[in-house]
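First comes the structure, then the notes that go with it.
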Amino acid sequence: MKLVFAGTPEVAVPALDALLASGRHEVAAVVTRPDAPAGRGRRLVASPVAQRAEEAGIEVLKPARPRDEAFLARLREIAPDCCPVVAYGALLPKVALDIPARGWVNLHFSLLPAWRGAAPVQHAVMAGDEVTGASTFQIEEGLDSGPVYGVITEDVRPTDTSGDLLTRLAFAGAGLLVATMDGIEDGTLKAVPQPVEGITLAPKIQVEDAHVDWKAPALRVDRVVRGCTPAPGAWTLFRGERLKLIQAALVPDRTDLTPGELAVGKNNVYVGTGSYAVELLWVQPQGKKPMRAADWARGVRIAAGEAVGA
């Protein structure tokens with residue numbers, strides 16, 4: 001099939017690479033979000049997908065909105081058979097959905113209908129799911145509600161961050177997307193409507209969602225830290241400034257600390273929760289680089305009874 005691939009962040013690049021390497025389909029163009037400011041200089045930078053497409057010599061389309069007439073006209077000129085999508089980052093209007101003969105097919109990082117929305121992996125980790133996966137489905141006007149072509153499953157490991165899990169799903173899902181394109185082309189794959197039961201939503205994680213509540217049980221604190229790593233980053237307050245929490249560990253045998261209370265050993269930093277303690281392993285003070293929590297604690301000279309939180 002002639003394909004136009006739509007995607008934006010780094011997590012979409014493995015799928016683009018897999019389609020380019022398939023030898024069966026032609027990626028005629030790529031659709032991605034416009035260049036965005038990045039770095040300290042805030043200069044405009046092309047998306048990872050745009051950069052990869054340019055390396056491969058593929059035409060790159062960067063519409064401000066996917067309903068822009070110039071973009072729609074170019075898409076009609078290309079006349080793709082199908083448009084595979086991975087984390088494009090914009091809602092597609094019906095006028096765009098109707099252009100490819102076999103529609104738009106999304107690789108979504110959850111077992112639909114669970115975790116429909118922008119942040120399925122983060123929500124799966126924060127909810128304590130033991131198994132998640134990826135699905136390919138036909139895009140329709142509803143939010144991730146179209147019929148499903150195929151799924152793969154992936155265990156959520158006890159120490160997984162959302163970044164760890166998303167990386168594995170990006171590579172495993174790339175193979176699923178190629179297999180889906182193959183099945184659509186040869187007619188062996190038929191999309192099946194999603195169940196009406198089991199729908200959960202996964203909206204974008206806001207900064208306030210990543211604010212750690214130390215009165216919550218340790219398991220919840222751990223899930224928030226892992227689910228919000230690398231972005232937007234779990235955080236708490238210490239002496240009125242934000243402290244980013246990059247990595248923590250559960251310490252079930254330590255129950256002597258009140259929620260938020262700090263205890264510092266030679267090479268350890270513990271914090272009380274609503275159940276048992278967690279150990280802070282890596283943190284990032286406001287305006288500084290990530291560091292080991294023990295090094296941070298030595299630098300700020302934590303007093304007995306001092307706490308993080310409100």
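The values are calculated or read from the model by the stated rules, or taken from the named source; none is laboratory data. All figures in this text were calculated on a predicted structure; none of them were measured in a lab. Every residue, glycine as well, gets a Cβ built from its backbone with ideal geometry; the counts of neighbours run over all protein chains shown. To get the accessible areas, we keep the full protein, side chains included, count just its heavy atoms, and leave off ligands, DNA and RNA. Shrake-Rupley method; radii C 1.70, N 1.55, O 1.52, S 1.80 Å.
Miscellaneous remarks
- When Asp35, Asp98, Asp182 are compared by accessible surface with a 1.4 Å probe, the order from highest to lowest is Asp98, Asp35, Asp182.
- Two-decimal ratio, the chain, of alpha-carbon radius of gyration to 2.2 N^0.38 Å: 1.14
- Assigned charges on the beta-carbon of Lys, Arg, Asp, Glu; region 176-241 dipole about Cα centre (debye): 380 debye
- Cross-link pairs beyond the 23 Å C-alpha cut-off, checked among Lys2/Lys204; Lys2/Lys190; Lys244/Lys266; Lys204/Lys244; Lys94/Lys190: Lys2/Lys204
- Pair Val60, Leu237: separation of 7 Å Cα→Cβ label points (nm): 4.2 nm
- In region 42-172, the DSSP beta bridges split such that about 80 percent are antiparallel, to the nearest 5.
- Applying the criteria of a DSSP loop state and at most 13 other Cβ atoms within 10 Å to the GluC sites (Glu not before Pro) of region 188-257 yields Glu197.
- Extension reserve of the Gln286-Lys215 stretch, reckoned as 0.36 nm per residue once the Cα distance is removed: 23.3 nm
- A simple spin-label model places the labels of Arg102 and Arg76 2.3 nm from each other, with each point 7 Å out along Cα-to-Cβ.
- On the principal axes of its alpha-carbon atoms, region 36-172 has extents of 47, 42, 24 Å, going from largest to smallest.
- Residue order by solvent-accessible surface for Met181, Met1 is Met1, Met181, largest first, with ligands and nucleic acids left out and a 1.4 Å probe.
- Along region 32-39 the Karplus relation, 6.51 cos²θ - 1.76 cosθ + 1.60 evaluated at θ = phi - 60°, assigns HN-Hα couplings of 8, 6, x, 3, 10, x, 8, x Hz to successive residues, with x for each Gly and Pro.
- Surface per residue (accessible, 1.4 Å probe) for the chain, Å²: 48 Å²
- Length released on extending from Glu69 to Thr167, taking residue separation times 0.36 nm less the Cα-Cα span: 31.8 nm
- Per residue, the Cα convex hull of region 201-310 amounts to 97 Å³.
- More than 18 angstrom apart: percent of Cα pairs within region 19-68: 39 percent
- Estimated from helical segments only, the mean residue ellipticity of the chain at 222 nm is -7500 deg cm²/dmol, where each DSSP H run of four or more residues counts as -39500 (n - 2.57).
- Applying a length cut-off of 30 Å (Cα extent along the axis) and a mean Kyte-Doolittle floor of 0.0 to the DSSP H helices of the chain leaves 162-186.
- FRET efficiency, 1/(1 + (r/R0)^6) with R0 45 Å, evaluated for Arg298 and Glu197 via beta carbons: 0.30
- Rounded to 0.05, the FRET efficiency of the Thr255 and Thr153 pair, given R0 = 41 Å and the Cβ-Cβ distance, is 0.70.
- Gap separating the Cα centres of region 132-146 and region 245-283, nearest whole Å: 40 Å
- Accessible surface of region 124-199 [probe 1.4 Å, protein heavy atoms]: carbon and sulfur percent: 57 percent
- Volume in Å³ per residue [convex hull over Cα atoms, computed for region 111-187]: 79 Å³
- Restricting attention to the chain, close to 70% of DSSP beta bridges with both partner residues there are antiparallel.
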